[in-house]
1. For the stretch 5-24, name all the residues that are farther than 15 Å from Thr36 by Cβ and either over 19 Å from the mean Cα position of the chain (by Cα) or away from the ligand (no atom under 16 Å from the Cβ) (or both).
2. Could you list, in sequence order, all residues of the stretch 18-29 that are farther than 9 Å from Cys8 by Cα, part of a loop (DSSP other than H, G, I, E, B) and in contact (Cβ under 8 Å) with a residue 12 or more places away in the chain?
Amino acid sequence: MPIYAYACSSCGLQQDVMQKMSDAPLNTCPECGKDTFAKQLTAAGFQLKGNGYYVTDFKDKPKPKAECAPCGNAGSCAAAGN
Ligand SMILES: [Zn+2]
């Protein structure tokens, strides 16, 4: 479930809220009760997760050189063409 960063423009409260994508966004501040509680554009937790995936993806998958099945030569081989 994604975590959204919320902030209240009345009392300055900042809070991370875990919500389903389908959930309606909150607008009532749990601190002061005003309707000035709003979702912020940056969701730190969500972004961090995305970056982590990206890094491990690069590390764990060194691209192996294509090997010719019949003769075992890496790279250019006449038999690899067909
Ligand atoms: Zn507030």
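The values are calculated or read from the model by the stated rules, or taken from the named source; none is laboratory data. In this text the structure is predicted, and so the values were computed from the model without any measurement. No Cβ is skipped: glycine too gets one built from the backbone with ideal geometry, and neighbour counts run over all protein chains shown.
1. Passing the criteria: Met18, Gln19, Lys20, Met21, Ser22, Asp23, Ala24.
2. So in the stretch 18-29, the residues farther than 9 Å from Cys8 by Cα come out as 18-26.
Those still in the list that are part of a loop (DSSP other than H, G, I, E, B) too: 19-26.
Once the filter is applied, which keeps residues that are farther than 9 Å from Cys8 by Cα, part of a loop (DSSP other than H, G, I, E, B) and in contact (Cβ under 8 Å) with a residue 12 or more places away in the chain, the stretch 18-29 yields Gln19, Lys20, Met21, Pro25, Leu26.
Conditions (1) surrounded by fewer than 12 Cβ atoms within 10 Å (Cβ to Cβ); (2) within 16 Å of the ligand (Cβ to nearest atom); (3) in a loop (DSSP other than H, G, I, E, B); (4) modelled with pLDDT of 90 or more, marked per residue:
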residue: Glu31; (1), (2), (3), (4): no, yes, yes, yes
residue: Ala38; (1), (2), (3), (4): no, yes, no, yes
residue: Lys49; (1), (2), (3), (4): no, no, no, no
residue: Tyr53; (1), (2), (3), (4): yes, no, no, no
residue: Thr56; (1), (2), (3), (4): yes, no, no, no
residue: Pro62; (1), (2), (3), (4): yes, no, yes, no
